[in-house]
Amino acid sequence: MSDRMSPVENITFEGKGNESVTQFLQRVKQVAFAQGRQRDQEWLADYVETCLSEKALEWYISLDEDTQRNFTRLRIAMVERFRSSTPVNIAPAPAAAPPPASAPPTPKSSFLSYPPAPVPQ
């Protein structure tokens, strides 16, 4: 068996308004997982750099070195910078229906309703 890893997938992120930064970051993590690098902060950050172009690369170059080298920091910075300004339309969750009138009351915890066991003599 060879020690070489499979070729890394080429994905790109330009920082354009129609791109999803969260989908890009999810894809980065999937590639890292396939490479066995999902916990390697520097590898992930270096890989992100190779995927950036256009506005996203220009922005990346302006970041401090600590952010560039740490995927957790870089991910937070990317989401703050490139998150979609389009509001997401999320329907509110329906309210829980009350229990039917004929439903028995919910029992209390059984361990609280028993008296203490007698102490053997």
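Bear in mind that the values in this text are calculations on the coordinates, not laboratory data. Owing to the predicted nature of the structure, the values given are computational and were not obtained by experimental measurement.
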Legend entry - Backbone HN-Hα couplings from phi across the range 30-47 [Karplus 6.51/-1.76/1.60, Hz, Gly and Pro as x]: 5, 5, 4, 4, 4, 8, x, 10, 4, 9, 8, 4, 5, 4, 4, 5, 5, 5
Inset, instruction - Pull up all non-local amide H partners of residue 13: gap of 5 or more, or a different chain, and H-to-H distance under 5 Å with H placed in the peptide plane. - result: 52, 53
